[in-house]
Structures are given as structure tokens and as C-alpha cells.
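Here the structure comes first, spelled out in C-alpha cells, and everything after it is commentary.
The values are calculated or read from the model by the stated rules, or taken from the named source; none is laboratory data. All values reported here derive from a predicted model rather than from experimental measurement. Here the Cβ positions follow ideal geometry from the backbone for every residue, glycine too, while neighbour counts run over all protein chains shown.
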């Protein structure tokens, strides 16, 4: 039985993304640090349990972190209860099996004039299954409480954790054939290449592969430079030259593509780079893009295309026509956002209104401190033009523009891109 939990002393705790935090006991602020956020939570709970021992009774702890707010009761012996889960359950009274009634609209008239329900099928039986039970909390304070009590106290997942799980399910949903996502903004430095890599990494991580990030620059792009290196330096130009070997469906094999694409390790996606030879004069035009896209769609379920800055290039227009989902990317800057807004106007004029309305807009913070008024203006403008608007935070791991290390990203960055990818998947 739960002890009576007094309102004194007043204790609040906060966990920050950098593995630090604070405990505030009756206004006295105490800093906390640990190896990771889990260690910080455990240190905070130990300090609060010490306070509970001093006052000789359980104390109330209000916690806050990136996943939201949680109310806990911490006892002198270290036991922890999630107060928000107490008294939330209610008895559900079900009618006896024989009391089920068939709606009149579902009754059929037989030859004898007696009504009878339609015959139930296997599909009806399968559709009647209850939803899968929600698993226990694994993150945040709820997950910490569950681990510290060995599962004896198992709080429900927080709203943030449920949202995280829902986003993964949306990313993992089955598709109606191969799908192409095209990332656009005609201005350089708009975050297109970063967005392409992070979308592909999120798709690959949660779908288990069959994802390609493709640099569709008519001459040279930087996607290949930002990717994990391979033992070869082949690009889209080399694949185009040898494409005939992959068009023979009897002999073409996915493994043969390894000599043209660059595997990205644990993130389980491949990269197809644009031409990296400074002395070369070859380019990828609309016809070449179409040939490559037709072949690559036989080997990959999701293709994420990074585009160049020239909207008039034929391969740019070919990618737009092939897109099942557009992603309009901009850093939160006046010039980059104006370029994105001009792009939207141009697509309307060219008859692509429907693709714009179904597009996803991604606004990336160029620094740790953003302009709230500019945020408001951009949100208002692009929310009126596109299906969804997402913000992604500044991350120091992306500043140098070097090889992408997905594991080095802050948890908040990975979560933001998971939500972006789920929104993109909704349109596929």
C-alpha cells in the first residue's frame, strides 16, 4: 500500500542532454553529473532517497527532461513509485458472450422470413483481435524506475516514448513498391546533403536496409565526401556506363552494386556519389537519371535523392517528376528561407501544386540560439504551403561538414530526424 506522500519538502529535478542535471530541494540547487543521462537520474534518486530518510517518510519528486515531466514518490528505503500511474486504471465490465447483439443493419432476410446475421469470415475473426499490449517504459524517468526496481514497479511509457514508438512504426510500415524522396532547395548551404544523409540513415536504421542516398548533382556534389568511405571511388557516372549488366534481370545481383555504391555500416543504407573527377566533362542529364532510377528502383525500397542548385538542369527536373515525396529543406536564415519560398512559387507556376501541398518542410537551426520571430514567420509561411513543418536542432557533430557519424549526434537530434522521417513515410 502506498505511503501517504506529504507535500513537504518540495523537490524538483532536471536532466539535461549533456549528462548533467540539478536537484532543487526547498530552493537549494544541487548540480549533478554522470557518465550518461541514466547515471544522472540514478544519482538524483539517491539524493532524494537520502532526503526521504532524513524526514522519515516518502517525498514527492517532480522530474523534467527531454521526454517531459514525471511525478514520483521516493521512499526512505529507496523504493520509487510513479504517482502519475496510481489510480488511473478502471474496471472494464464486458457483457457476457451470449449478450452480444447484432445491429439490425447487418441482419439478412432468409427465404423463411427469419433474420440472421451474415456469416463471419476468417478476416472478421482476425480483425476482431485486440491491439497488441503496450510494452513497459524503457526511457526517461519511467524507464529508470523500472530498472531500479527490477521491474516490480513498471510505469506506463511517457507520451514522448509512445510518440517515439509510433514514429518508428510509421517509418517501418510496408510500402506500395519502391519509393523516391527528393530533397530540394536551389540555394547552396541549405542543409540538403545533411538532410539526405540523415533521412537515409533513419530509414536504413529502422527498416533494416534497402535504402539508397543518391547525389543527383549534374556535375559534382558533396554527398560522397560526407559518406563513410568505400574501397572504391566509383560514382553514378561509372554505374551509368556499366548499367547494361544490371538490366539483365536473369543475371543482375544486388551484391554487384557494391562496386558502385558505398555501404554506411550500422545505419544500413548505401550512398551513390556524383562525379568526383575534377578533370571529367561528363554530366548526368534527364535521360541518364531516368535510366539510373529505373534500375536502382529494382534493388532499393527507398531512394533519397540529394539535388543540385540548378532548377533548370534536366536531371533536377527528372528527379522532381520521379518524386513520391518532396522534402523542402532550409536553414533558419532569411536568405535560405527566401530561396525555399521562391522554390515553392516556381513549382506552383510549373504545375506541381499537388506535390508542394504534400511536401514536408524541414527547418534546420544554424546555431544554438535561434530567432523566435523568424521561426514564427517561417512556420506560418511553410505550414500554409506544405503538409507538415518540422524543426531540427543545431548539433555540433554536424558543424564541420565532415563524414557523418550518426552515433555522434545528440539524442534530441536523432529524435527530431526520426519524427521528420516518419512524416515523410506518411506520404509514401
Subject >> Residues of region 372-408 that turn out to be within 21 Å of residue 361 (Cα to Cα) and touching a helix residue (DSSP H, G or I) at 6+ places or on another chain (Cβ under 9 Å), as a count >> reply: 17
Original post:
Inside region 167-214, can you point out the residues that are under 14 Å from the mean Cα position of the chain (by Cα), farther than 23 Å from residue 366 by Cα and outside any loop (DSSP other than H, G, I, E, B)?
Top reply: 167, 168, 169, 170, 171, 172, 203, 204, 205, 206, 207
Original post:
Which of the residues belonging to region 219-255 are touching a strand residue (DSSP E or B) at 6+ places or on another chain (Cβ under 8 Å) and in a helix (DSSP H, G or I)?
Top reply: 223, 224, 236, 239
Original post:
Restricting attention to region 344-374, and to residues there that are over 25 Å from the mean Cα position of the chain (by Cα) and not in a loop (DSSP other than H, G, I, E, B), which single residue is nearest to residue 183 (Cα to Cα)?
Top reply: 347
Subject >> Subset of region 256-280 [in contact (Cβ under 8 Å) with a residue 12 or more places away in the chain, part of a helix (DSSP H, G or I) and over 28 Å from the mean Cα position of the chain (by Cα)] >> reply: 259
Original post:
Has region 386-409 got at least one residue that is in a helix (DSSP H, G or I), under 29 Å from residue 312 (Cα atoms), touching a residue at least 12 places away in the same chain (Cβ under 8 Å) and over 14 Å from the mean Cα position of the chain (by Cα)?
Top reply: no
**OP:** Tally the residues that are farther than 11 Å from residue 11 by Cβ and out of contact with any helix residue (DSSP H, G or I) (no Cβ under 9 Å at 6 or more places or on another chain), restricting the search to region 36-48.
**Re:** 5
**OP:** Taking the options 363, 343, name whichever one is touching a residue at least 40 places away in the same chain (Cβ under 8 Å) and under 20 Å from residue 385 (Cβ atoms).
**Re:** 343
Original post:
Could you say which residue among 331, 336 is in the same structural domain as residue 227 (by TED's automatic domain parsing), within 13 Å of residue 184 (Cβ to Cβ) and buried (at least 19 other Cβ atoms within 10 Å of the Cβ)?
Top reply: 336
